[in-house]
């Protein structure tokens, strides 16, 4: 029964003299119809006072979900351009999560590499195959620019390495992840909490990790505030002395880092978690061998596909006027490299090395060591 005053798509179709399917496509601004047809039908719908029925939309979505998933289309994974001689196999979990979500929704994902195809050639291939959605993974270097025929495609990127164009992006909530890490370590009893990264990594993450750490550190007591260490991205043989000097000067209780070699530097210095703990902001494994934050890369990949398919359905093409960011929370994982303070208290303390007396320190000849007889 049609309610008085209710305007449906069938009513619009009768007024416009077209099939109801044409009305549905026009109201979704589908490129399958000429622009003039879309504008005419939308004008008629507005004139008649048409408003989408949210209950009918929900019913349509429900019916689609219970149907057997059929092929809906292909999304393009646009592989980044490499620096000469640079291997790049990171962020596999983004793609894995994206492919899983594509399979659930009737899509497939196919990779195309800008290092192998010109932008013009790639655009022609995508148009010929009616591939409308593009996923841009993190680039191999920060402040990357990609010149492409964006106006004909829906696109979403991961993270902050793509400087231009400013596409909608999906990422870990990195600012919050740093705060999650600090709060977890405080809950374990740590007070002198430090942060280490490199200039390049800090730039690649839009300073989100370092900013999140600083927002928590400002609440520390002054004597617990350890200056951040931002390494210069030089050879690792040069980084180790810099790290060693910083560590010995400030003596942090635990170090949060976004630079994997930091764990190696602790090993090279002979420092174990009973002396100073360490936690990663980008765990590759959640097996407990390393403490830190799991960024939930699988969920990020899945969210990117959902975001992109929504754009395709709404016919949102080209570079957006205002960027949207979809941020996925990270999860703190306890691990062997961070021991709760109560556990550290139960460990045997090493015998301290006695400091030499002033006159012994300046004496040109060492004095003989006197043996003490233990009292019985």
Placing each pseudo-label 7 Å from Cα in the direction of the beta carbon, residue 306 and residue 321 end up separated by a distance in nanometres of 2.7 nm
A chain fully extended from residue 29 to residue 112 at 0.36 nm per residue, minus the present Cα-Cα distance, gains in nm 27.1 nm
Three-way shape call for the stretch 187-241 based on the alpha-carbon gyration tensor, with the a/c threshold at 1.5 | oblate
Going highest first, how would you order 214-225, 39-50, 192-203, 305-316 by mean Cβ packing within 10 Å?
-> 192-203, 305-316, 39-50, 214-225
How big is the gap, in Å, between the Cα center of the stretch 8-47 and the Cα center of the stretch 90-114?
-> 34 Å
For the stretch 176-196 and the stretch 274-292, distance of Cα centres in Å | 12 Å
Cα gyration tensor of the stretch 136-228, axes a ≥ b ≥ c as square roots of the eigenvalues: rounded (a/c below 1.5), prolate (a/b > b/c) or oblate?
-> prolate
Ranked packing of 144-151, 129-136, most packed first, by mean Cβ within 10 Å = 129-136, 144-151
For the peptides 272-284, 7-19, what is the packing order when you average, over each peptide's residues, the other Cβ atoms within 10 Å and list the highest mean first?
-> 272-284, 7-19
Let a ≥ b ≥ c be the square roots of the eigenvalues of the Cα gyration tensor of the stretch 222-316; is it rounded (a/c under 1.5), or, if not, prolate (a/b larger than b/c) or oblate?
-> prolate
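Taken together, the values in this text are just the output of simple stated rules run on the coordinates, not laboratory data. No experiment lies behind these values; they were computed from the predicted model shown. Note that we place each Cβ from the backbone using ideal geometry, even for glycine, and neighbour counts take in every protein chain shown.
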